[in-house]
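The structure appears below as structure tokens.
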2 protein chains.
Amino acid sequence: MTEAAPEPRGRRELNRIRTRQAIADAAARLVGERGIERTTVDDIAAAAGIGRATFFRHFESKELAIAAGLSGAAIFVLVGILEEIPDEVGPLDAVRRASARLGEDFEAQRAMFLEQARLSWSSPALMAWTLHLYVDWEVAIAASVARRFDDLVPGDPRPRLVGAITMAAWRLAVDAWLTDDGAGDLPRLIQDHLAAIDVPRRNP
Amino acid sequence: MTEAAPEPRGRRELNRIRTRQAIADAAARLVGERGIERTTVDDIAAAAGIGRATFFRHFESKELAIAAGLSGAAIFVLVGILEEIPDEVGPLDAVRRASARLGEDFEAQRAMFLEQARLSWSSPALMAWTLHLYVDWEVAIAASVARRFDDLVPGDPRPRLVGAITMAAWRLAVDAWLTDDGAGDLPRLIQDHLAAIDVPRRNP
DNA sequence: GTACAAAATGATACAGAGTATCAACTTCTG
DNA sequence: CAGAAGTTGATACTCTGTATCATTTTGTAC
């Protein structure tokens, strides 16, 4: 999972990251072209230039590779933007601002987001593994917002809760957007969802 | 998924519900006895007294049947208790009270809950499908809390957000509990998680 | 640059999951 | 009771995911 790690050490790590990204990209592209049912692990492996055994060294399932290819980019960018929000901004406000920043470029990529969202929920197995991937993103968001709490204690549930709330708000906003066939304003929907929740930055 | 539906109409519906429950129960029992890797769809079908094709008419995957058998009971009871909380209690408070009520009997079944929780996260595929099942439960909780908002409007995201928050709080509390090998106080952990979040019953 | 250890790869075989088809059986309706 | 509708179980098949092993690539020490 892509966190703000130090520069990778050697060629092995570089290759590992590059291969994983190549697999995810190939998976998303082939599923976009043919649909999930007509896309096999062998197809994805061939398109990524690897063997099938290597595929399974990078991803636990075909659907996880597809989910990483479809959903990974937007969330990766969100976490990156989160890191840039000034430290004095509270945890949920930081998430709101980062989501708003991501939304600024939304119109330029609306069709792509819509297609990716449709594909993500287009099979029960892919939905299940997309949710699995979202848990990884929750952890990344939690790591990013933890320092924004004034009174964090060891074992404090709030960073993980903020991560979970963020992914839930996004997921439900995308659901509503798809229900409306993408006619709605997704950035607005995300902000509405995030506005409805509060996680105080300081316990009472 | 079990919602407070009217009495089933005919023998077909009764059989469908009964068969589905038999499959889920057999799946959980066999996985408890042998582990996931040693439990096949044919094993579960045989234990439930059905054919393998019938198995796949009730569940989209082996792991979904297992998840339904392991996790379904506790959440079914939670939704039932939610229905009994007085209408004037706000949405999240109702969830807190229902969770507290469920926790009253916790000690009597602590070993069973611990084993079920461990099994639920014991394979990536089962984790993914358990999360998939949780989305069904979010919908059920949303249906139950919707009337507790003073100013609900069509398309209002808050009931679904309460559902998502409830399942996230439970999931993260169980995670923390497992990290501590079940030594912690799960009902207390759930209350702590639920206490950290607010969804105002009325928009400002 | 070389030798060796460690890690990664790809080919392959296999068990089992998940899908599709069809004949037979069960349930429902009039 | 007859006929329609729905459900079932057996079976064949494709593909996923796992395991094994020989080969290749990368990293380290000298």
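Would you mention how many residues in region A:173-185 are open to solvent by 10 Å² or more (accessible area, probe 1.4 Å), at the interface with chain B (Cβ under 10 Å from one of its Cβ atoms) and closer than 15 Å to A:TRP121 by Cα?
We begin by selecting, within region A:173-185, every residue open to solvent by 10 Å² or more (accessible area, probe 1.4 Å); these are A:174-176, A:178-181, A:183-185.
Filter again for at the interface with chain B (Cβ under 10 Å from one of its Cβ atoms), leaving A:175-176, A:179-180, A:184.
Filter again for closer than 15 Å to A:TRP121 by Cα, leaving A:175-176, A:179-180.
Total satisfying the criteria: 4.
Looking only at region B:51-64, decide whether some residue is open to solvent by 10 Å² or more (accessible area, probe 1.4 Å) and among the polar types (S, T, N, Q).
Within region B:51-64, one or more residues are open to solvent by 10 Å² or more (accessible area, probe 1.4 Å) and among the polar types (S, T, N, Q).
Go through region A:41-59 and give me each residue that's within 23 Å of the chain's Cα centre (by Cα) and either polar (S, T, N, Q) or not in a helix (DSSP H, G or I) (or both).
A:PHE59 - this is the single residue of region A:41-59 that is within 23 Å of the chain's Cα centre (by Cα) and either polar (S, T, N, Q) or not in a helix (DSSP H, G or I) (or both).
Does region B:52-71 contain any residue that is away from DNA strand D (no atom under 11 Å from the Cβ), closer than 30 Å to B:ARG147 by Cβ and modelled with pLDDT under 95?
Scanning region B:52-71, I find at least one residue that is away from DNA strand D (no atom under 11 Å from the Cβ), closer than 30 Å to B:ARG147 by Cβ and modelled with pLDDT under 95, so the answer is yes.
On the basis of being among the hydrophobic types (A, V, I, L, M, F, W, C), near DNA strand C (Cβ under 10 Å from one of its atoms) and farther than 26 Å from B:ARG160 by Cβ, does B:PHE106 make the cut?
no
Check off (1) farther than 16 Å from B:ALA117 by Cα; (2) part of a helix (DSSP H, G or I); (3) more than 8 Å from every other protein chain (Cβ to nearest Cβ) for B:VAL153 and give me the number that stays unchecked.
The failed condition is (2).
For region A:9-28, how many residues are exposed (fewer than 15 other Cβ atoms within 10 Å of the Cβ) and either more than 10 Å from DNA strand C (Cβ to nearest atom) or part of a helix (DSSP H, G or I) (or both)?
Total meeting the criteria: 9.
Does A:PRO91 satisfy the condition of being farther than 30 Å from B:PHE59 by Cα and open to solvent by less than 60 Å² (accessible area, probe 1.4 Å)?
Answer is yes for this residue.
Right, B:LEU131: within 16 Å of DNA strand C (Cβ to nearest atom) and over 13 Å from the mean Cα position of the chain (by Cα) or not?
no
Write out, first by first residue and then by second, each pair whose Cβ atoms fall under 8 Å of each other, whose residues are 6+ apart or on separate chains, and whose first residue, in region A:16-31, is in contact (Cβ under 8 Å) with a residue 40 or more places away in the chain while the second is open to solvent by 10 Å² or more (accessible area, probe 1.4 Å) and of a type in the set (Val, Ile, Thr).
A:ILE23/A:ILE50
I'd like to check something: does region A:186-203 contain any residue that is within 7 Å of chain B (Cβ to nearest Cβ) and either under 13 Å from the mean Cα position of the chain (by Cα) or of a type in the set (Gly, Ala, Ser) (or both)?
yes
Do we find that B:ILE44 is in contact with a Phe, Trp or Tyr (Cβ under 8 Å, 6 or more places away or on another chain) and near DNA strand C (Cβ under 10 Å from one of its atoms) in this structure?
Values: in contact with a Phe, Trp or Tyr (Cβ under 8 Å, 6 or more places away or on another chain): yes; near DNA strand C (Cβ under 10 Å from one of its atoms): yes.
So B:ILE44 fits the description; yes.
Restricting to region A:8-57, count the residues that are of a type in the set (Gly, Ala, Ser) and under 16 Å from A:SER123 (Cα atoms).
So the answer is 4.
Can B:ALA125 be described as open to solvent by 50 Å² or more (accessible area, probe 1.4 Å) and more than 14 Å from the chain's Cα centre (by Cα)? Quick ask: steps written out before the conclusion?
Values: open to solvent by 50 Å² or more (accessible area, probe 1.4 Å): no; more than 14 Å from the chain's Cα centre (by Cα): yes.
No.
On the given criteria, is B:ILE141 within 14 Å of chain A (Cβ to nearest Cβ), under 18 Å from the mean Cα position of the chain (by Cα) and either farther than 24 Å from B:ILE165 by Cα or crowded, with 22+ Cβ neighbours inside 10 Å (or both)?
yes
In the set B:LEU161, B:LEU114, which member is more than 8 Å from chain A (Cβ to nearest Cβ), surrounded by 15 or more Cβ atoms within 10 Å (Cβ to Cβ) and either part of a helix (DSSP H, G or I) or over 15 Å from the mean Cα position of the chain (by Cα) (or both)? Spell out the reasoning first.
Values: B:LEU161 fails: more than 8 Å from chain A (Cβ to nearest Cβ).
Within the list B:LEU161, B:LEU114, the selection yields B:LEU114.
Select, from A:GLU107, A:GLU115, the only residue that is without any contact (Cβ under 8 Å) to a residue 12 or more places away in the chain and of a type in the set (D, E, K, R).
Only one candidate passes the filter, namely A:GLU107.
Against the definition (within 14 Å of the chain's Cα centre (by Cα), more than 16 Å from DNA strand C (Cβ to nearest atom) and not β-branched (Val, Ile, Thr)), how does B:GLY72 come out, yes or no?
yes
The values are calculated or read from the model by the stated rules, or taken from the named source; none is laboratory data. Since the model is a prediction, treat every value here as computed from it, not as a measurement. Cβ coordinates were reconstructed from backbone atoms using ideal geometry, including for glycine residues, and neighbour counts include every protein chain displayed. Accessible surface is based on the protein model in full, side chains and every heavy atom, while ligands, DNA and RNA are left aside. Shrake-Rupley method; radii C 1.70, N 1.55, O 1.52, S 1.80 Å.
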